[in-house]
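Each value in this text was obtained by applying a stated rule to the coordinates, not by laboratory testing. For clarity, every value in this text was computed on a predicted model and none was experimentally measured. We place every Cβ from the backbone using ideal geometry, glycine too, and count neighbours over all the protein chains shown.
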Amino acid sequence: MPPPYRLLFCDLRTDQLLDALPVQGVALDDYIGKTGRLTGTVPIPNRAIAERARRAIVPGRTAVWVERGRDIWWGGILWTLALASDARGFLGAQIQAGGWESYLYRRLLFDTQVAEQVDQLDIARGLVNYVQNTPGGNIGVTYGTAVSGVLRDRTYLRYDLPTVGDLLDDLAAVEDGFEWRIASFRDADGRRVKQLQLGHPIIRAGATEIVLDHPGPVLSYTWPVDATAKANAWQSRGASVNSNQAQDSYPLTSPVLVDDADIAAGWPRLDGSSDYTTVEEQTTLDAHARADQAAARNPVQIPEVEVLLSGNITPALLGATVRLRIRDLWHPDTLDARYRVVGLSITPPERGRPETARLYLEVP
């Protein structure tokens, strides 16, 4: 029998435990580069449970931790509650929560921030500090002190009213950037931890390689190849730099970057663009353009494999490398390659349904 799942409902600012309530139909996921989500339904069979649920489930100020046994497998903020009653009168509280990152997309920058030749990871931590140093803004996110060695100049103007989450995404997406997420776990002293993870150039985890075989532990897989976002010619647009209101205003633009080798190899020309409406420096815009072109050059592949949950498949696998071996009609000579885990979706066991995990893989 797998360890039982339990949902802890806590005050978001103090992390004080409010209640632990039974939840049905739980589904949770976590990603690198995307905010994870949890959904489920708290059954309301009697008045006592209804009283407890009313006190504990307060969208916008309740934190949710998912325990599997004694380990923390997920954490985030409860954002929505929908009470639902079916035709037989059974009442349930349908909840939806977003990972801790979702809070940073709900916080705006109201004060201009300037960084000159500051390590990009320190700029990221400074943005999180800005959030947590405002009254009522400290939700207990911790972080380390690692640096990337890449120095940046950044000016974030209060007039633009950007969200801190968007600023972090833009900072991370530039050429020679980094990855970020907020991880949930229990430390050696048993405390629940929300920790900002910063990885340059990517987040890596795990020292032991996990081998997944199909047929074998891999129950099923999906291998999409999507060329709709492919581009071998690229231009990025920045902010308007014309200060003379009597003249027409035009945005700052990067050079048009064309991958001549891709076109010579037989690909048709495919154009792409991106907008950075707050970027006023040519060098910064050009760095964004080069990073975006590099990302769009090859068709996006994010394979998904479904596996039975086992001792070595946990949320700590995010950023780790797995060795995937597939032999079937499409791969008669056996696919044998290594991929990084960039997403994880877990379905707990329920009424005869096995406990499974869907892994989202990054193709090198």
**Prompt:** Using the Cα gyration tensor of segment 140-187, with a ≥ b ≥ c the square roots of its eigenvalues, what is the shape: rounded (a/c below 1.5), prolate (a/b larger than b/c) or oblate (neither)?
**Reply:** oblate
**Message:** Shape verdict for segment 104-199, please, from the Cα gyration tensor: rounded (a/c under 1.5), prolate (a/b greater than b/c) or oblate.
**Reply:** oblate
**Message:** Run the paramagnetic zone check for residue 113: 7 angstrom along Cα to Cβ, then residues of segment 146-171 with backbone nitrogen under 14 Å.
**Reply:** 152-171
**Item:** Computed FRET value (nearest 0.05) for residue 277 with residue 223, which takes r as the C-beta separation and R₀ as 41 Å
**Value:** 0.70
**Request:** Enumerate the residues in segment 161-203 having an amide nitrogen under 12 Å from the point lying 7 Å beyond the Cα of residue 146 toward its Cβ.
**Result:** 178-181, 196-203
**Request:** Convert each backbone phi in segment 251-258 into a coupling constant with the Karplus relation 6.51 cos²θ - 1.76 cosθ + 1.60 (shift: θ = phi - 60°), then list the ³J(HN,Hα) values in order as whole Hz, x for Gly and Pro.
**Result:** x, 5, 10, 7, x, 6, 9, 10
**Request:** Treat the count of other C-beta atoms within 10 Å as a stand-in for reagent exposure and order 214, 288, 331 from fewest to most.
**Result:** 331, 214, 288
**Prompt:** If we count trypsin sites (Lys or Arg not before Pro) as exposed when they sit in a DSSP loop and have at most 13 other beta carbons within 10 Å, what is the longest stretch of the chain that avoids them all?
**Reply:** 89-190
**Prompt:** Which residues' amide hydrogens lie under 5 Å from the amide hydrogen of residue 197, considering only partners 5 or more residues apart or on another chain, with H built in the peptide plane?
**Reply:** 181, 182, 183
**Cα-based shape type of segment 5-99, given that a ≥ b ≥ c are square roots of the gyration tensor eigenvalues and the cut on a/c is 1.5** = prolate
**Request:** Express in nm, to one decimal, how much length is gained between residue 195 and residue 175 on full extension, taking 0.36 nm for each residue of separation and deducting their alpha carbon distance.
**Result:** 4.7 nm
**Complete:** HN-Hα couplings for segment 139-152 via Karplus (6.51, -1.76, 1.60; θ = phi - 60°), in whole Hz with x for Gly/Pro, come out as 9, x, 7, 9, 7, x, 10, 4, 10, 9, x, 9, 9, 10
**Gained length - residue 247 relative to residue 158, 0.36 nm times residue gap less alpha-carbon distance** = 29.5 nm
**Prompt:** Quick one: Karplus J couplings for segment 226-233, per residue in order, coefficients 6.51, -1.76, 1.60, θ = phi - 60°, nearest Hz, x for Gly and Pro?
**Reply:** 10, 9, 5, 9, 5, 8, 10, 9
**Fill in**
Taking R0 as 25 Å and r as the Cβ-Cβ distance between residue 94 and residue 17, the FRET efficiency 1/(1 + (r/R0)^6), rounded to the nearest 0.05, comes to 0.65
**Message:** With loop defined by DSSP as not H, G, I, E or B, and exposure as at most 12 other Cβ atoms within 10 Å, which is the longest segment of the chain clear of exposed chymotrypsin sites (Phe, Trp or Tyr not before Pro)?
**Reply:** 111-329
